[in-house]
Structures are given as C-alpha cells and as structure tokens.
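Asker: After the structure tokens below, expect a handful of questions from me.
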Amino acid sequence: MSPGNARMVLHGIGVAPGIAIGKAYRVDRNKVSLAYYYLPSPAQIKREKERFDVAVEKAEADLKEIRAKMAGAFPEHAYIIDTHIHILRDSMLYDETMRTIDQQAVNAEWALRQALEKVQQIFAEINDEYIRSRFSDVDFVAERVLQNLTGQNKQSVTGIRERVIVVAQDLSPADTIQLQVEKTLAIVTDMGGKTSHTAIITRSLDIPAVVGLEKVYQAVRSGELMVVDGHAGKVIIDPDEELLNFYYERQYQLERYRKEVVRCAELPAETEDGYHIKIQANIELLEEVVAVIDNGAEGVGLYRTEYLYLNLDQPPNEETLFWDYRELAEIIYPETVTFRTLDLGADKLSTRLRPSNETNPALGLRSIRLCLQEDQTFRTQLRAILRVSGITKNVKIMFPMISGVGELRAAKTVLEEVKHSLIKESIEFDKDLQLGIMIEVPSAVAVADLLAREVDFFSIGTNDLVQYALAIDRVNEHVAHLYEPLHPAILRMIKQAADAGRQAGISVSLCGELAGEPLYIPILLGFGLDSLSMNPLAVPRVKKIIRNASMEESKDCLNEVLQFTTADQVNDYLCELAWRRFREDFELFADGMGKLPAASGIDQ
Amino acid sequence: MVVQVERKEFTVRNKLGLHARAATKIVQTSSQFQSRICIIKNGREADAKSMLDILTLSCPHGTRIELCAEGKDAAEAVAALTVLFDNKFGEE
C-alpha cells in the first residue's frame, strides 16, 4: 500500500492516464430555476427589455472573452463560440424574446424560455441528426443569458483563474470544449463511463480523468487539495504530507517514463530476436486518429462503427458514412483501417433498431444477426466502406460475432451482392479488399479451422470471448470477480484460434483489453500473432516492452503458463516475470512497492 | 431611392452542407449589408442573417437553393455570398 493517509479516497473508472495534484474546483451544471411574473406598466416593460439587453450584452462579452482565449489554445474549436455569439443575437431568440416581453408583458426569463421552446420545436422536426443536435448550442446560449438575468451566476468552467482539478457531476460536450486546457489539471465526475464524451475528449487532450465516482461532487469542497490517479481510477481528497510526497514523486517518475516511451513510439515492435508484431489501435471516433498517429500505432486494427448510429431514429445515410470513413482512411494511409461492421448490441442500441424486449440481450438479436435481419442498414454500411476502399485501397472489412460457417456465408452473400450492385453502377471498390471475422463466440473457436478457409484474417475479440466462454457478465457486480481473462480456458481458446489461422495461412490479430495489457505481452507474443490492436494510449508502452522481449522466451513462457490450472497461478507467474525482466516498465504502475495489480494499463 | 432585387441559384457543394460553421459564415457576410437577404429552399424562406433560420432550413450537400437580396446593396450582397458558396465556405 502507498504510505500516508487522506480524508477520503474514492474509486472510479480511470479514463485518461496520468497523475494530477491540485486544488478542486467544483462546477455546477444544474439549470437555473425560473420564476414567472407579470409586468403591469409600460415603464416596467421598457425596463424589462433593457434588463434583457444587458444580460445578452454580458453574455456576448463573456463569449468574446472565451473566444479570445480559445483562439490561441484551441483554434479549431473557436468557431463554435462564433456560432454561439450569432445565436445570442439571432432573431428567433433575441427578437422573439423582446416581442414576447412587449406583447405578453412578462418577465425576460419567462419570455426567453418561451422563445427557446419555440426554437426547440422547430429543431425537433428536422430530419438531419447533426442539425437537430445543434439545439444543444441554442440551449447553452440561452442558459448563459438566463444565468445573467437571475444573477445566479453559477461557477462555470470558464471562470477558472488558476490551474485546478475540475470536479463536476457531469460535463456536457459544450462544457468540455470550453475547458481551458492550460488551466485544467484533471477532470473528475460522478457520472460517465469509459466511452463517455468526457473520456474521449480528455484522452485526446491528454488530461488525466476519472469518471463514475458517484459522489465526488458532493464529497469535495472547492479549494481542497486532491490527487487524481488516472491509471488506478483513484481520487484522493485532502492527503497528508507523506501521501502527497509519495504522489509527487510518482508523478515525476511517470512523466519521465511516459516522455521516454512516447519518444520511441515510432520504432517498430520487434523483439530482440527479430520477431515483428504489428501494433494497431482500436478507435470509436474519427477524432481519435490524432491519438493513433501520435502514439505510433501502425494503422487502425478495429474501428468500432457504432457511434454514428447511436440515438438516431433513422440510421445514417450512405453519404454520411462514406465521408466519415473516407476521412479516416485517408488520414491513416498508407497504413490500413479495419472496419468492424455494425456491432449494435444489448448495451448500445439506437432507438429504431431496438428489438422488442429480450430477456437475454447478450444472447439475443444483436451484431451480425441484427445486420442480417436489418439487411438494408447493413447494405448501406457495406456500400460506404466499399466505395472508400476503391479510393484509398487501405480498407479491410470485419464481421463481428460470427458463430459458424453458415452465418458467415450469409453475411458474405450480402457483401457479394453489394459488390455486384456497385459493379453495375460502375462504382469502384478495392477488388483485393480483405475480409475477416471477429473470433469472439466460443463456437467460432471450436470451428476456427473451418472458418479460416473462408476469410482472409481473424481478429480475436477477447472482451466478448471471455464473457461468453466463462458465462460471466462483467458489469454484474455479483460475478464480476469471476471475469478472468487469464483463465486457462481462454488461453487454450486463443491458442486454438491462432493455430487454426496460422495453419490456414491467414493472419491473426487480437483486439480487446487483453491486447493492451503490458503484463500479458509474453503470452501474446508466444501465441505467434501477427498483430495486436489496442487503445492508442497503450501503444507506446506495449511497443517498448516488446522491443525488450524475445520470442524464444515468450514461447517458453506460454508453454509454461499453459500447464497451469488457475488464472491466479498465471497472473502470479506473469507478475513475477514482469518484475524480473521489465522492472522499469512496471514498478511505477505497481501499488506501492509491493505487488502489481492484475491490470496495470488503461484500455477501452 | 432605388430598391434592387437580386436573385441567384446555387447548389450546396461543401460536404457537410449548411451546418453551423457554414451558416455562421453566411450570417457574418449577410450582416454586413443593409439589404434583406433570404435563402429559399422548396419555397421555404430563411433569413440569411439568422443562424438558426439557416440551420433549420436543413440544406445538406447537394441541395438546390435560391438566394434573394432586396435593398440598395443587393448586388454587392449577392456577389459576396457567391464567393462564399463558390469557395465551399473554405471547406471540402
């Protein structure tokens, strides 16, 4: 254990790595509550209109100030503030509010809220999801004016004057975008998960963040000293001097280590005895490509394509998909991008595709099964991917959740039909495009030799494989402790799939959290995989460790590990090996000077 | 005083269509002129000086629209907006 004491230690989900030490700054995002009152005289109406004007002017001045600050640190986002300034004076909001004050003789807050509701109605009727979602900008602007009117000027992220740790219940995209990077040491929130907006933005901005803390907002006071450990997902409130010194030292060491590792991120992952394994990135959003390139990943091994489908009444159209995919493929070129076709599942269904209540959604209509049923949505996506392949020639397609040859052939038939229709329309696509499948259902492992004859590559998806093979729902707290990626059954299954792929002469990669976990590198190398795909931030450290490893030793390690009977034994063995062989790559991530935690990296 | 009326047809050619950034540029440009300027799509008019009106007109890539300016600087206004449309708002 680490030395020293603190007033409180909270555990959440570390979504962006790094350690931050600083003062807490609580950001209140609760909406202003509104009063209604009637203005009996023309003089009062006139005064009310002036009051509204002052509130708008103040909001405008504030926004201009933010814009000036942002133009330096964040030029690509400055236009968003321009948009906000225009909305502030827009006739649909400003003139409409003035008119309502006049005609209905009501207070400015009430009039503004009415105008806002009208705008909301108009936006709600628009088909274009992008434009519809822009209502959040209008809402944001109106909220600022309302805060000025009521004088309840809540602390907002723009009011930050020194470098602080932002503490909030939740942060909206508009809040996150306004954060002044140079003034924000870290972000901690009560809500959110690994894929929340805050998580993605903080990772791309390289600010440590811990989310899902449940009660940090309530527990901490503004100005109180905190430590945020983005690796361990830990937040320490008011630490004593001993603990503080421990974290200062660790922060310094980690920074030094990270700089060194990132500096070498471009070097290939080649073992001491000359075995090269490709290290790629898993991403979910186009915006993450920056992290892919900065961290030296050799292309995108898994593009999760679900994001564009979330919370839509209609699936996105072909053009929307085409441009998103094309931009990604062009940026990644000459490396490759593997598009995993829609893997909409129990936890991430968009409204229209949601099937009727299922008692067991993880085993229900999802992923490739849903695509084969909602075949039009599937075809549209395949068309978009194929069209991009014709332009950039660096595209691969991968079907998720394939359970056997029959299902694979059904999906391949759809793909062939889409290709035929493109040929008929004289639209180009890459004739040599590689097709692969995720190996994540236990039955696919059992028939891996049969599946290998039908595709160009395998990608072993360990997250689902562990869940399905061990019959463990990892988010169910009662059984989560049984979620063991190092279970001998899992190791045998990975080996079986990897061997089947190699015997058939196709390439085999592994994606999922396992791939980005430095502790597991010796066994992953031992499987003889062609590539690993992981969270971009995990890439530099994994590459460094591989460069110091040897294939011979890794094969011995795997053979040894395959003799073990429990996951704990495997874990102890790997910890001991890591400690002996790669001490400098692990000691900073260990808890105190003692044992390594089972998972020391950050992924997904 | 002579009131001019200028009309011109365009196709939205930037890939994102008239979204927030493009609409902001239209408003910035239109606001420099005294003329009443509107964008017409399928008979529906939007005030070219209102960001929300333009946005909610919903003009994706490929939409045909008509620009109409009315006032003494109508010709200049249409000319300035033509440059914006022709340059695809500085986007792809």
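Asker: If R₀ is 41 angstrom, what is the calculated FRET efficiency for the pair A:Glu584 and A:Lys412, using the beta carbon separation as r and rounding to 0.05? Mind showing how you got there, number by number?
Answerer: Working: r = 47 Å, r/R0 = 1.16.
Efficiency, rounded to the nearest 0.05: 0.30.
Asker: Provide a whole-number value for the mean count of partner chain Cβ atoms within 10 Å of the Cβ atoms in peptide A:124-132. It would help to have the intermediate numbers written out before the result.
Answerer: On the way: counts 0, 2, 4, 2, 7, 0, 7, 12, 3.
Mean partner-chain Cβ count within 10 Å for A:124-132: 4.
Asker: On a 0 to 90 degree scale, rounded to 10, what angle separates helix A:318-332 from the longest Cα axis of chain A?
Answerer: Helix A:318-332 sits roughly 60 degrees off the main axis of chain A.
Asker: Same structure, new question: What fraction of the DSSP beta bridges in the protein assembly as shown is antiparallel, stated in percent and rounded to the nearest 5?
Answerer: The antiparallel proportion sits near 45 percent.
Asker: Also, I was wondering about something else. May I ask you to give the solvent-accessible area per residue for region A:42-150, in square angstrom, as obtained with a 1.4 angstrom probe?
Answerer: Numbers: 4920 Å² over 109 residues.
Result: 45 Å² of accessible area for each residue.
Asker: Check the straight Cα-Cα distances from A:Lys555 and name the lysines below 16 Å, setting aside those fewer than 8 residues away within the same chain.
Answerer: A:Lys495
Asker: Determine which residues of region B:43-64 fall in the zone a paramagnetic label at A:Tyr130 would reach in this model, i.e. backbone nitrogen under 11 Å from the point 7 Å along Cα→Cβ.
Answerer: Once the point is set 7 Å along Cα→Cβ of A:Tyr130, B:59-62 turn out to lie under 11 Å by backbone N, inside region B:43-64.
Asker: Shape of region A:264-589 from its Cα gyration tensor (a ≥ b ≥ c, root eigenvalues): rounded if a/c is under 1.5, otherwise prolate when a/b > b/c, or oblate? If you can, show how the numbers build up before the last one.
Answerer: Values: a/c = 1.76, a/b = 1.42, b/c = 1.24.
Since a/c reaches 1.5 and a/b is larger than b/c, the shape of region A:264-589 is classed as prolate.
Asker: I'd like the distance between the alpha-carbon centres of region B:14-92 and region A:419-472, rounded to an integer number of Å.
Answerer: 46 Å
Asker: So for the pair A:Asp572, A:Leu205, with labels modelled 7 Å out along Cα→Cβ, what separation do we get in nm?
Answerer: The answer from the label model is 4.5 nm.
Asker: Still on this structure, I have one more. For the cross-link pairs B:Lys8/B:Lys88; A:Lys393/A:Lys544; A:Lys69/A:Lys183; B:Lys49/B:Lys72; A:Lys23/A:Lys69; A:Lys64/B:Lys25, which exceed 19 Å when the distance is taken from alpha carbon to alpha carbon? Mind dumping the intermediate values first?
Answerer: On the way: B:Lys8/B:Lys88 16 Å; A:Lys393/A:Lys544 30 Å; A:Lys69/A:Lys183 11 Å; B:Lys49/B:Lys72 17 Å; A:Lys23/A:Lys69 22 Å; A:Lys64/B:Lys25 17 Å.
Violating the 19 Å Cα-Cα cut-off are A:Lys393/A:Lys544; A:Lys23/A:Lys69.
Asker: Along the charge dipole of the protein assembly as shown, Cβ charges K/R +1 and D/E -1, which of B:Ser35, A:Ala199, A:Ala209 sits furthest on the positive end?
Answerer: Working it through, the farthest residue towards the positive pole turns out to be B:Ser35.
Asker: What distance in nm separates the simple spin-label points at A:Gln44 and A:Asp273, each placed 7 Å from Cα in the Cβ direction?
Answerer: 8.9 nm
Asker: Here's another thing I want to ask about it. Working from Cα positions, state the angle (0 to 90°, nearest 10) between the long axis of helix A:94-104 and the longest principal axis of chain A.
Answerer: That works out to roughly 50 degrees.
Asker: Just from its helices, what would the mean residue ellipticity at 222 nm be for chain B, if runs of 4 or more DSSP H residues each count -39500 (n - 2.57) and the sum is divided by every residue, rounded to the nearest 500 deg cm²/dmol? Write down the numbers at each step before the final one.
Answerer: Details: 3 runs with 31 residues, N = 92.
Mean residue ellipticity, 222 nm, calculated: -10000 deg cm²/dmol.
Asker: Using a simple charge model, +1 on the beta-carbon of Lys and Arg, -1 on the beta-carbon of Asp and Glu, nothing else, what dipole does region A:264-589 show about its Cα centre, in debye to the nearest 20?
Answerer: On the way: 32 positive and 51 negative charges, 151 e Å.
So the dipole magnitude of region A:264-589 works out to roughly 720 debye.
Asker: OK, next. For the full complex of protein chains and a 1.4 angstrom probe, list B:Lys72, A:Lys543, A:Lys49, A:Lys234 by accessible area with the highest value first. Each step should come with its number before you reach the end.
Answerer: Working: B:Lys72 110, A:Lys543 0, A:Lys49 60, A:Lys234 25 Å².
Result of the area sort, largest leading: B:Lys72, A:Lys49, A:Lys234, A:Lys543.
Asker: To continue, here is another question. Hey, how many Å between the Cα centroid of region A:522-596 and the Cα centroid of region A:268-325?
Answerer: Taking the Cα centre of region A:268-325 as reference, the centre of region A:522-596 is 25 Å away.
Asker: Next question. What whole-number value in Å² describes the accessible area per residue of chain B for a 1.4 Å probe?
Answerer: Working: 4210 Å² over 92 residues.
On a per-residue basis, 46 Å².
Asker: Moving on. How would you classify the protein assembly as shown from its alpha-carbon gyration tensor, with a ≥ b ≥ c the square roots of the eigenvalues: rounded for a/c under 1.5, else prolate if a/b is greater than b/c, otherwise oblate?
Answerer: Numbers: a/c = 2.27, a/b = 1.43, b/c = 1.58.
Oblate, since a/c reaches 1.5 and b/c is not below a/b.
Asker: Okay, moving on. Take peptide A:80-88, look around each residue's Cβ out to 10 angstrom, count Cβ atoms belonging to other protein chains, and average those counts. Intermediate values should be presented prior to the final figure.
Answerer: Working: counts 3, 0, 7, 8, 3, 4, 12, 8, 1.
Whole-number average of other-chain Cβ neighbours for A:80-88 is 5.
Asker: Report, in deg cm²/dmol and to the nearest 500, the calculated mean residue ellipticity at 222 nm for chain A, where each DSSP H run with n ≥ 4 adds -39500 (n - 2.57) and the sum is divided by the residue count. Spell out each step's value before the answer.
Answerer: Working: 24 runs with 281 residues, N = 604.
Helix contribution divided over all residues of chain A: -14500 deg cm²/dmol.
Asker: Under the 0.36 nm per residue contour assumption, what length would be gained going from the current alpha-carbon distance of A:Val447 and A:Asp53 to full extension?
Answerer: Working: separation 394, 0.36 × 394 = 141.84 nm, distance 7.09 nm.
Value of the extension gain: 134.7 nm.
Asker: On to the next question. What's the average, rounded to a whole number, of partner chain beta-carbon atoms within 10 Å of each residue's beta-carbon in B:53-61?
Answerer: On the way: counts 4, 3, 16, 11, 2, 8, 2, 7, 3.
So the per-residue partner count for this stretch is 6.
Asker: Also, I was wondering about something else. Report for region A:264-589 the percent antiparallel among DSSP-assigned beta bridges with both residues inside it, nearest 5. Please list the in-between numbers first.
Answerer: Working: 1 of 31 bridges.
Roughly 5 percent of the DSSP beta bridges within region A:264-589 come out antiparallel.
Asker: Evaluate the relative contact order of chain A (contact order divided by residue number), counting alpha-carbon pairs under 8 angstrom at least 6 apart; express in whole percent.
Answerer: On the way: 1113 pairs, mean separation 89.3, N = 604.
Normalised by residue count, the contact order of chain A is 15 percent.
The values are calculated or read from the model by the stated rules, or taken from the named source; none is laboratory data. Keep in mind the model is a prediction, meaning the values are calculated, not measured. Heads up, the Cβs are rebuilt from the backbone with ideal geometry, glycines too, and the neighbour counts pull from every protein chain shown. With ligands, DNA and RNA removed, areas are computed over all heavy atoms of the protein, side chains included. Shrake-Rupley method; radii C 1.70, N 1.55, O 1.52, S 1.80 Å.
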